[in-house]
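Chemist: If you scroll down you'll find the structure; I have some questions about it.
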């Protein structure tokens, strides 16, 4: 499963011309299928470069302000690594809860200050819409690294890039999403990106944690084939991509529902006996028991490789918004 | 207002010779007018370089220890950006409240340790005199980035540099300082630097938050023209630089005084109708309501540009103390 | 005492061949005397390079993930400086207590994620065995930067390197370790490294804080000459290296014992009257009163130089595990 089928490159002219140059990355909704393909072509170039030479000086002299209003080791580290592998530098700002911000400074004032020092701002914020708000006040590109239960577009792009690198194509695949589909922004965003392709999606969740109706309607209107289930077993055999998310106990309707369902949402080697040989298991991480560690050595377990693909996608986005791709 | 009149350079020989090389930056009191001019010549070279090429390798291979005993996103980020734009690297140390220091290590021991790893130390500390104490124990340059209600010399220099870049000259200007003039170290330090020039200062504050008498006396003794006011309106029409600071409710003598005066200390577009067309509004930031966001688009609003000038001044100071200017 | 006698280099071929390349650094027990010598030869090359040129690009393009589950300004800063002086970059991860880890992510998952972004992982963790656990899950080198009361191998190596650089040879020296020898991992690890040499060790501690019997037995079995004492005065005159550690009040058996002994474990200029002229005083720092600040200017006080030697040892280890030494 670790081999990847690399599709022929799009004509480079289209990309070099500067798609995304100077733009904010706020939502998956802003991307056309062509945008997504352009990002992935660059991401794959990044993969090749990292595998060959580790780092290179494409963004030498550029500064990234990595502004995290809530901690996220994974996302923060990934952007830091992406910038540094491109030869750029990072201003880490992760103490905001103790700092001028907690003295009451507004988000617009903070980003306008950071824009004076840096070339691009990565923003993680607990409130929905924060990245869009910030973007209205600055001329330097803002990359949304998660705004509450809102968007996390780079996560959705890396999820889709993982599918492409692992399975070679996205059209015609069956994707099964499992767990808390109501509150999980990653499954919302990935679903929207998959709507660019002829993917079929199975949503498997407890009744109380179903994919929101408005998103279901949006996806249906875009011609996707969707189905909903309470149990994984009926859909697993035809699944190409099993996307597992965390189910937090406190989000169930009742203790009874939680106890009745929790084991159905834990992936073990036993679960996978019913799965295809050529399929992948994904998870946005961190996981807390939804996938047994016994699964990790199965070649279908793609969740750590997924982290690595994230590096390439973020390198691509940084290079593109800074006009260097 | 964004245009800047750049005065003819001082003879470069004077500066290249190494003014400030190896020196600590502890207080505005250590600077002669010639020192200030020399710093500004270099700061302007930094501005030109950043605008043209973004970063350059003047301090490649140099390490800055960025030691913050209390958080200050703005100052910390600004020094980080300054060092990185000069090609140097930064050791961020902002967790000191949890670390060896909170295990009781003395400031001298901490800076002597950091001196083993780095080439220059930027120090922010809540206690007055901390930077001077630290400087007695190390041979590498210490830059005071704020010691309690004491000094914050790089802030005062960037304030003055802002005036110079925005208005072209400092002699003969009328500067009005507004707000809490008793506790604001920025207005104390800037006043002292302005004493090198034939500036006139109007102090506008509540009775209980007046500029301290000893500073007034010091400034008068140096030949400055000073006046004190409770209201802004009488002095605004002749003001070239309006320097606004925060007035914290809890520092007023009484609730009555606060309610009576607070609106007089908030700058709105209405306030500015009485101001000159060619003047600037400054603020050390963060602001919390002292200047309405409606003012931000007025070309006279210089407070975000002020942040950018801070980058150039800090780049200049780092280069100078490391002997590379 | 600051002069160092640099022994003739080992044949470079032996080292260049790649000793330690790709290996984890988990415990002092993994090192033969030849390993230690090889590390020190490289560390001394690092010292020469830093003194001559400050930094160089040996690890340009390499990324270090600096993963600290508990704060340690000194160790964290030292590794950061080591990597940056070698031209590499650092991903600082010191907020783990607030982050995905505190959401319950396992150490294996965290290091497997970081391995996707970085080339080497430095790990500080409060639990004994954490580094060894992490090492089982990743292919990139893990460097143990302290795991609870377990190991801190780079500290022991820098301690030994300090002795070598300050006194020129390690065979035949008399080393006196003072303080809490029961809980101090630094004295445990250093003792084990000294067993490679014909050093004699005096252990001076309160009865309740003696060097653990199993370590004493291990050292005896390796042929070392050991002796135990309650007071320093009898052994000080013959001591070449006095290694002082902290004695925490709460670790004494009783208030009486603490009051009776505490002054015997504080080094003052008076104490040193009985010491040789050519000897050194070491301390892993931070100190809290075990060595009077009045001793700092004595040329025998090596504890700040010890910090600097730590930089060279960590540079050597990073270069070696990354195959660039």
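Chemist: I'd like the residue in region A:293-302 that is free of Cβ contacts under 8 Å to residues at least 24 places away in the same chain and touching a helix residue (DSSP H, G or I) at 6+ places or on another chain (Cβ under 9 Å) and, out of all such residues, is farthest from residue A:40 (Cα to Cα).
Modeler: Checking each candidate, the answer is A:293.
Chemist: If you don't mind, another one. Residue check, residue B:134 against (1) without any contact (Cβ under 8 Å) to a residue 40 or more places away in the chain; (2) out of contact with any strand residue (DSSP E or B) (no Cβ under 6 Å at 6 or more places or on another chain), all met but one. Which one?
Modeler: (2)
A quick yes/no check of all residues on (1) touching a helix residue (DSSP H, G or I) at 6+ places or on another chain (Cβ under 7 Å); (2) closer than 18 Å to residue C:35 by Cβ:
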{"position": "C:110", "(1), (2)": "no, no"}
{"position": "C:115", "(1), (2)": "no, no"}
{"position": "C:123", "(1), (2)": "yes, no"}
{"position": "C:134", "(1), (2)": "yes, no"}
{"position": "C:140", "(1), (2)": "yes, no"}
{"position": "C:149", "(1), (2)": "yes, no"}
{"position": "C:156", "(1), (2)": "yes, yes"}
{"position": "C:167", "(1), (2)": "no, no"}
{"position": "C:170", "(1), (2)": "yes, yes"}
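Chemist: Name every residue in region C:230-266 that is assigned to a helix (DSSP H, G or I), at pLDDT 95 or above and surrounded by 20 or more Cβ atoms within 10 Å (Cβ to Cβ), in order of residue number.
Modeler: C:236, the sole residue that qualifies.
Chemist: Could you tell me whether region A:174-185 includes any residue that is surrounded by fewer than 19 Cβ atoms within 10 Å (Cβ to Cβ), without any contact (Cβ under 8 Å) to a residue 12 or more places away in the chain and either assigned by TED's automatic domain parsing to the domain that holds residue A:31 or under 23 Å from residue A:253 (Cβ atoms) (or both)?
Modeler: No, every residue in region A:174-185 fails to be surrounded by fewer than 19 Cβ atoms within 10 Å (Cβ to Cβ), without any contact (Cβ under 8 Å) to a residue 12 or more places away in the chain and either assigned by TED's automatic domain parsing to the domain that holds residue A:31 or under 23 Å from residue A:253 (Cβ atoms) (or both).
Chemist: Continuing with this model, one more query. For region C:238-257, what are the residues that are farther than 22 Å from residue C:294 by Cα and touching a residue at least 24 places away in the same chain (Cβ under 8 Å)?
Modeler: Matches in region C:238-257: C:238, C:251, C:252, C:253, C:257.
Chemist: Would region C:96-114 turn up any residue that is closer than 28 Å to residue C:46 by Cα, more than 14 Å from chain B (Cβ to nearest Cβ) and either over 17 Å from the mean Cα position of the chain (by Cα) or modelled with pLDDT of 95 or more (or both)?
Modeler: yes
Chemist: Right, another one. Among the residues of region C:4-12, are any modelled with pLDDT under 95 and closer than 22 Å to residue C:284 by Cβ?
Modeler: Yes; the residues of region C:4-12 include at least one that is modelled with pLDDT under 95 and closer than 22 Å to residue C:284 by Cβ.
Chemist: From the list B:25, B:93, which one is within 9 Å of another protein chain (Cβ to nearest Cβ) and in contact with a strand residue (DSSP E or B) (Cβ under 6 Å, 6 or more places away or on another chain)?
Modeler: B:93
Chemist: Separate question: Take the residues in region C:70-90 that are surrounded by fewer than 24 Cβ atoms within 10 Å (Cβ to Cβ) and modelled with pLDDT under 90; name whichever of them is nearest to the other protein chains (Cβ to nearest Cβ).
Modeler: Taking the candidates together, the pick is C:71.
Chemist: Return yes or no: is residue A:92 assigned by TED's automatic domain parsing to the domain that holds residue A:313 and over 28 Å from residue A:246 (Cβ atoms)?
Modeler: no
Chemist: Does residue C:235 meet the test of being touching a strand residue (DSSP E or B) at 6+ places or on another chain (Cβ under 6 Å) and either farther than 22 Å from residue C:149 by Cβ or touching a residue at least 12 places away in the same chain (Cβ under 8 Å) (or both)?
Modeler: yes
Chemist: In region B:222-229, is there at least one residue being out of contact with any strand residue (DSSP E or B) (no Cβ under 6 Å at 6 or more places or on another chain) and either loosely packed, with under 15 Cβ neighbours inside 10 Å or in a strand (DSSP E or B) (or both)?
Modeler: Yes, there is a match, as at least one residue in region B:222-229 is out of contact with any strand residue (DSSP E or B) (no Cβ under 6 Å at 6 or more places or on another chain) and either loosely packed, with under 15 Cβ neighbours inside 10 Å or in a strand (DSSP E or B) (or both).
Chemist: Then there is this: In the set B:63, B:123, which member is more than 12 Å from chain C (Cβ to nearest Cβ) and modelled with pLDDT of 95 or more?
Modeler: On inspection, the qualifying residue turns out to be B:123.
Chemist: Filter region B:293-309 for residues that are part of a helix (DSSP H, G or I) and within 10 Å of chain A (Cβ to nearest Cβ) and give the result.
Modeler: Hits for region B:293-309 are B:293, B:303, B:304, B:305, B:306, B:307, B:308, B:309.
Chemist: Would you tally the residues in region B:13-36 being more than 17 Å from residue B:189 (Cβ to Cβ) and out of contact with any helix residue (DSSP H, G or I) (no Cβ under 9 Å at 6 or more places or on another chain)?
Modeler: The qualifying residues number 3.
Chemist: Still on this structure, I have one more. Taking residue B:48 as meeting all but one of (1) surrounded by fewer than 17 Cβ atoms within 10 Å (Cβ to Cβ); (2) at pLDDT below 95; (3) away from chain C (no Cβ under 14 Å), write down the number of the exception.
Modeler: (2)
Per-residue answers, yes or no, for (1) without any contact (Cβ under 8 Å) to a residue 12 or more places away in the chain; (2) more than 11 Å from chain A (Cβ to nearest Cβ); (3) out of contact with any helix residue (DSSP H, G or I) (no Cβ under 6 Å at 6 or more places or on another chain):
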site	(1), (2), (3)
B:269	no, yes, no
B:272	no, yes, yes
B:291	no, no, yes
B:323	no, yes, yes
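The values are calculated or read from the model by the stated rules, or taken from the named source; none is laboratory data. Here the structure is a predicted model, which is why all the values come from computation and not from measurement. Cβ coordinates were reconstructed from backbone atoms using ideal geometry, including for glycine residues, and neighbour counts include every protein chain displayed.
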